[in-house]
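Shown next, in structure tokens, is the structure this report addresses.
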Amino acid sequence: MDEVNAHINQQSSISIDSNAEDFTKIETVPLPLDKRICMVGSLITDPVVCNSAQSFGVPVITSENGLEYLEDRSCKTIYVLNTFDDDLYNTLYKHRQSILGPVALQQLSRKQEQLPDNTRPLFNLSMTGVIVCFTGFRNKNELSIVVPLVHHMGGSIRKDMSSKVTHLIAKASGGDKYQYAATFRVPVVHHSWVFACWEQRFNLDFSATLDVFIAEYKLKPFHGAKVCFFGFPEDEDKHMAEVLEANGGSVTHLEDVECTHVVVDESTVAERPEISSKAQFVKAEWFWTSVQKQVCLDEKEYLFDDYIEQVLSPSARRESQQPTTTPSSASRRKRKRLQETLSSLAVQPSPIVYKRRSSVSDAGLLSVSGSFLDCTASPDKCLNDLPESSPAVEPLRKVLTARQQVVMELVQTESNYVNILNTIMTMFKKHLEDMPEEEALLNNTELKIIFGNLPLIYEAHIKMLEELRWTSAHWTEERSIGNIILKYSTDLLKAYPPFVNFFEEMKEMLLLCDTNKPRFHAFLKACQTRPECGRQKLQDLLIRPVQRLPSISLLLSDILKSTPKTNSDHVALDQALAALKEVMTHINEDKRKTEGQRVMFDIFNEIDNCPPDLISSHRTFVTRAEVIQLSSSEGLSNKGNFLVLFLFTDQLEVCKKRSKAFNTLKSPNTVNGYHQKSTTKPYKHVKLMPLSHIKRVIDIKETEDCQRVFSLVFRNNDEIKERLFSFAMTESDVDKVTFLKTLCRQMATNACTADADKFLAYLEHQQLDIDTSDINNGTLSKAFKFANRTRLKVGRAFSFNKTPSKLKRAVSSMMSPFGSSTNITPASQLAQMRLASYSNINELGDANNTSETPPLAPMSVQPTRKHKASSLGTSAALKRI
């Protein structure tokens, strides 16, 4: 025996030189005999694996197959194999030998852990700490493949679900184990997760428990389910089928014996259809909530059978369970059951009362006048009024006065409105805010945009409803409704503008999240199925605050009509109506102002090198026009350039339209990312012109050769001479006269004058030496048509002739009607300019016969009688415009 031990000890003292290709005997040292590592096959030439084996401080031996050590009981041999699927592995495994893979050996060495004592083969440690449970597997052959792989990667198996199980591998969604995992948030994965982990078996750094990796193989909520949708409209049925397939399920029909679920639209289906399969009948809420939570929920909480039971009286349920009856007794019970059902419906709304209705469009809910808030009828009563067909209601109504009936209607609609707000605040807002971070459907920014402006409205109406209810409960004809509205008018004024001003942004954010976030979409759909929402979308509910103030105003008007003038509430109601109208007017004006400022930010972001001081709290956007410059004027752009004029309340921003982005943005009101922006901004800043520096706007007479042309006379306060900028409009859908009048109105407002016509003059293009030769030969007209037709790039491939410089006298004489460098009156200036209006153009016939504009009379010479008549005609024409 001593000789055998000595021989083993001699073989176990082989060390590995990492720089050598083969094993070499370096030294003989005494090593423990309880364990040894046997490198098998090609691994004896792998220096990395051999070095890892040496790090354990046990004898390392080599062998072609290791079979010669099977009967050696002197110590425990741990075989290192490169593969676990050949005959050698099967032989060693049958002999219950300890087997390691090269990856496990290196990982144990890296972690400085001891060699394992168990006989279970271990290829790597990627599933260390993983405890797996299986459910839904009917074929044992599948498990016989998956289970060994879990063991090879360091995982373990449990038969039953417990708190120690870390992962559930399911064949299909559903079952007790599945519901346990869903309740305690145990990851439920497909068995392909194990095979994917095994494909990574040679990766030393791979871990099967990475969240990103598990997410790829997480079992979809309807995996293995065959679902039939029953009672839904065609478009909704198609949409739900797409969602089902995206979440692992498949669509089937009622006759399919393999059907697992029948999802029923409870608002249209009153009876459960007969089917041959054992499918579970569930409500639509089960489907959408499962999509939202990404888990197949327990069907017991959403059974359609329970829903039907809600609309049947206890006696009807008992009678339906009786086996046989006579025809007469059956008909009596049927009539009795019908009467009891009708009585129950009269007391409170039953779920079966809510019929599916089409969603209300926003356009139909706005007033005819286009104002966001106006005194138009609100459909609150149509949706939320409770049935009042009970026999006890009619006698009560006959006792009420007309005034009290309208007051009760106000209280009822206010109660319904507050209930809607409460539904939004609790079912939607609070529920979304209270979700754990890992389950959150919306981030804080999205929540604030959608729901941030509602709390103030909700709080104001809760307090107002409390007083209205007390007044209605203690009603006398002297009770004042107007004073209650007046009391809370200030709160309404504070609460509503933020909501109304950003209603479009809220709606767009809601639509964006609904489109891009499937789980949020499912959450909205699930909430929509509940009776509290009245089968309406969140978007339809959120428009109610926009409608409420006009609805209150109409009801107050009805109360006022029924209130005698001798009643003290008459004056209070009148004041309350005035206060409400003031609130709505303020909201409308504030909304228009907010929209103008918001568009101004969009314009600023589209202009390269835009002056920062363009953004101002007192400045709003008015209108815009696309033009082409017809004059080469110092301080502006070059002749022939395409420009855009953005008119604000006190400034005119002139931008050059870049050819690369000719069609990037048609309107500055195209906001919130719904158009694709190029990397280069579509406009380049040219000049910011204060309206106070524009001295005159000139409408050039329309002729066959000169169309849509106008000019601006411009002079800074520190300049002596005026400059003339001439343009031609390129957009056919923008009216020149409307744009010029709008510009003059803004100039008049800026100058604190009511007469905007003083800023507008009418001339022919020859009088200002505007060169229209390019327009005459059709070059520019073709460019305009091309730009309007295609909205594409228009290059600088057009020829522009030089314009003779003959503008000094004409421009210098066109001074502002409110100031001049001389003491000449505006009337004499107009006379000296010989302005030609459309009505007196014939008076200048003699002058127009020449090829050039006749010289103007010297400013010191008194105008002749003919000149006076001409100036009077011009002034009259200016006043008429």
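For the reader, a short list of remarks on this structure follows.
- The simple spin-label model puts a point 7 Å past each Cα toward its Cβ; for THR623 and THR649 those points are separated by 1.8 nm.
- FRET efficiency, ALA270 to ASN203 (Cβ-Cβ, R0 60 Å, nearest 0.05): 0.55
- Estimated at 0.36 nm per residue, the fully extended path between HIS586 and ASP558 surpasses their Cα-Cα distance by 7.7 nm.
- Rounded to whole numbers, the Karplus 3J(HN,Hα) couplings from phi for segment 486-503 are 4, 4, 9, 5, 5, 5, 5, 5, 7, 7, 7, x, x, 5, 5, 4, 10, 5 Hz, using 6.51 cos²θ - 1.76 cosθ + 1.60 with θ = phi - 60°, and x at Gly and Pro.
- Förster radius 45 Å - calculated FRET efficiency between ARG138 and ASP237, Cβ distance, rounded to 0.05: 0.90
- Annotation: amide H of HIS223 within the under-5 Å range of SER173, sequence separation 5 or more or interchain, hydrogens built in the peptide plane.
- Each other residue within a Cβ distance under 13 Å of ALA196 adds +1 if Lys or Arg and -1 if Asp or Glu, for a net charge of 0.
- Amide proton proximity set for GLY155, modelled H, under 5 Å, gap of 5+: MET127
- Amide hydrogen neighbours beyond the local backbone of SER98, cut-off 5 Å, H modeled: TYR79
- Computed from point charges on the beta carbon alone (+1 for Lys and Arg, -1 for Asp and Glu), the dipole magnitude for segment 226-316 about its Cα centre is near 260 Debye.
- Ordering HIS190, ASN203, VAL165 by Cα displacement along the dipole of segment 131-216 toward the positive end leaves VAL165 in first place; charges were set at the Cβ atoms of Lys, Arg (+1) and Asp, Glu (-1).
- Potential extension, GLU113-ARG73 segment - 0.36 nm per residue separation minus Cα distance: 12.0 nm
- Magnitude of the charge dipole for segment 131-216, about its Cα centre and with charges confined to Cβ atoms of Lys, Arg (+1) and Asp, Glu (-1), is about 360 debye.
- Gain in span if fully extended, VAL48 to THR183, counting 0.36 nm per residue against the direct Cα distance: 44.0 nm
- Karplus (6.51, -1.76, 1.60) ³J(HN,Hα), θ = phi - 60°, over segment 430-437, in Hz, Gly and Pro reported as x: 5, 4, 5, 6, 7, 5, x, 4
- 3J(HN,Hα) along segment 178-193, derived from phi through the Karplus expression 6.51 cos²θ - 1.76 cosθ + 1.60 where θ = phi - 60°, amounts to 5, 5, 4, 4, 5, 5, 9, 6, 8, x, 10, 10, 7, 5, 5, 4 Hz, with x in place of Gly and Pro.
Bear in mind these aren't lab numbers, they're just calculated from the coordinates by the rules spelled out. Remember, it's a predicted structure, so these values are computed and weren't measured experimentally. Backbone-built Cβ (ideal geometry, glycine too); neighbour counts: all protein chains shown.
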